1. If R₀ is 35 angstrom, what is the calculated FRET efficiency for the pair residue 59 and residue 200, using the beta carbon separation as r and rounding to 0.05?
2. On average, how much area does the Cα convex hull of the chain cover when viewed from any direction, in nm²?
3. Please give the length that would be gained between residue 177 and residue 83 if that part of the chain were fully extended, namely 0.36 nm times their separation in residues minus their C-alpha to C-alpha distance (nm, one decimal).
4. Given the -39500 (n - 2.57) contribution per DSSP H run of 4+ residues, what per-residue ellipticity at 222 nm results for the chain, rounded to the nearest 500 deg cm²/dmol?
5. Let me test this: with uniform point scatterers at the alpha carbons of the stretch 1-92, what is the Debye-based log₁₀ I(q)/I(0) at q = 0.14, 0.18, 0.23, 0.24 1/Å?
6. Based only on Cα atoms, what mean projected area does the convex hull of the stretch 126-204 have, in nm²?
7. Determine Rg/Rh for the stretch 59-151; Rg is computed over alpha-carbon atoms and Rh is the Kirkwood hydrodynamic estimate from the same atoms.
8. For the pair residue 11 and residue 128, what calculated FRET efficiency results from E = 1/(1 + (r/R0)^6), where r is the Cβ-Cβ distance and R0 = 45 Å, to the nearest 0.05?
Ligand SMILES: Cc1cc2nc3c(=O)[nH]c(=O)nc-3n(C[C@H](O)[C@H](O)[C@H](O)COP(=O)(O)O)c2cc1C
């Protein structure tokens, strides 16, 4: 059952003076530190989408590209997330790095990446991952695991060496307009800095109460 576990956060601080004025650089800084800390899956981020019916849903995806154009991840365009993004391109990403007592929330619009980038990334994946993502009808109900195994065998027979990228599998790019960097502090008095994109392309930084 739930236990009353309480941690006091003492890893670090986040001040207006230390934060990079550019949120992409601030994210790169924290991501590099998460990687150096040998966190398990530091690139894992929770993606939340909202479908046409207004119901939100979340799942973890891996960050595969980051620059001032946005944050890139790859998935099946027919999946639940794909259908929700088709109906409503607004989404939210959340990183949580427990040993560093940090989370980052990133909001923005999502668009599909250029097909060439999806081709390049798909081609760079191991054969078994290519087969898996080509064969799996992600998010659809299947009668049992054997359905998946049969499809994998069929796809392996059809594509013994190179697997073409399925048209319904590729990248998405979330173009942020808001970032919130959260650093845990003692006694729940956490540091929260929110960056908001301005019409001129610059970013404002404001502090939020914890
Ligand atoms: C650590 C981790 C990384 C994952 N990375 C991805 C990913 O990059 N792309 C993806 O489509 N699914 C990824 N998944 C699986 C998703 O969480 C999810 O189950 C799947 O995309 C189907 O989601 P949907 O039905 O909401 O569309 C990952 C899961 C975990 C736990």
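1. 0.50
2. Numbers: hull surface 60.4 nm².
Mean shadow area of the hull around the Cα atoms is 15.1 nm².
3. Full-extension gain reported as 31.6 nm.
4. Numbers: 5 runs with 55 residues, N = 210.
Helix-only estimate at 222 nm: -8000 deg cm²/dmol.
5. Log10 I(q)/I(0), no solvent term: -0.74, -1.01, -1.17, -1.20.
6. Details: hull surface 41.7 nm².
Spelled out: convex hull of the Cα atoms, projected over all directions, averaged, 10.4 nm².
7. Rg/Rh for the stretch 59-151 comes to 1.00.
8. 0.75
Bear in mind these aren't lab numbers, they're just calculated from the coordinates by the rules spelled out. Owing to the predicted nature of the structure, the values given are computational and were not obtained by experimental measurement. Every residue, glycine as well, gets a Cβ built from its backbone with ideal geometry; the counts of neighbours run over all protein chains shown.
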